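Structure record follows, encoded as structure tokens.
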Ligand SMILES: [Fe+2]
Ligand SMILES: [Fe+2]
């Protein structure tokens, strides 16, 4: 097994959440009030699953191996991916602050929420596409197979440290929102 098998499995889950967010963004644009508790839960998924765990695997396990086996630290595909993780964090902060404003009754924050959702979805859809189609193919050429096996196990270890309970909780959230927004 390769680290990309683990990372692409995460991508599938993140892509489901991006589909849900797209729908929620469209609903806000149609002047429907977002369910703020749901947005809070989605922000938690983005912060813990998509960023801390998934981007954590990329930033501490996969990208360091790419750099070790010859990818440049600057102006390279992995450097662009690192930059995009940072941009994504900014959009998540924007979503969270729009939710706080909405909770205080500032109705015009709905547009800010829709904007941050749309920006995040667009960024992450392209980001995942670039990793799946470009970055991982480069990694397969650069990183020797025995090292790939070790990196795959390191990714699995991060999953187990993240905790089965937490994985389960986010899987249930995905199923529940998928049924509501994507059925
Ligand atoms: Fe990434
Ligand atoms: Fe990724």
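The values are calculated or read from the model by the stated rules, or taken from the named source; none is laboratory data. Small disclaimer: the values here were computed from a predicted structure and weren't measured. All Cβ positions, glycine included, derive from the backbone under ideal geometry; neighbour counts span all protein chains shown.
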Check your understanding: Does region 114-123 contain at least one residue that is modelled with pLDDT of 95 or more, out of contact with any helix residue (DSSP H, G or I) (no Cβ under 7 Å at 6 or more places or on another chain) and under 29 Å from residue 33 (Cβ atoms)?
Key -> yes
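Say we look at region 66-80 and pick out the residues that are without any contact (Cβ under 8 Å) to a residue 60 or more places away in the chain and either near ligand 1 (Cβ under 10 Å from one of its atoms) or not in a loop (DSSP other than H, G, I, E, B) (or both); which of these is farthest from residue 124 (Cα to Cα)?
Ranking the candidates gives 68 first.
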Practice item. Could you pull out every one of the helices (runs of 4 or more DSSP H) wholly within region 81-183 that has 2 or more residues that are within 16 Å of ligand 1 (Cβ to nearest atom)? Key: 109-130, 136-142, 145-162
Revision key, fill the gap. Residue set 178, 131; condition in contact (Cβ under 8 Å) with a residue 40 or more places away in the chain and closer than 24 Å to residue 76 by Cβ; output residue 131
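Out of curiosity, is residue 126 modelled with pLDDT of 95 or more and at positive phi?
Answer is no for this residue.
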Revision key, fill the gap. For region 54-65, the count of residues that are within 13 Å of ligand 2 (Cβ to nearest atom) and either surrounded by 20 or more Cβ atoms within 10 Å (Cβ to Cβ) or not in a helix (DSSP H, G or I) (or both) equals 7
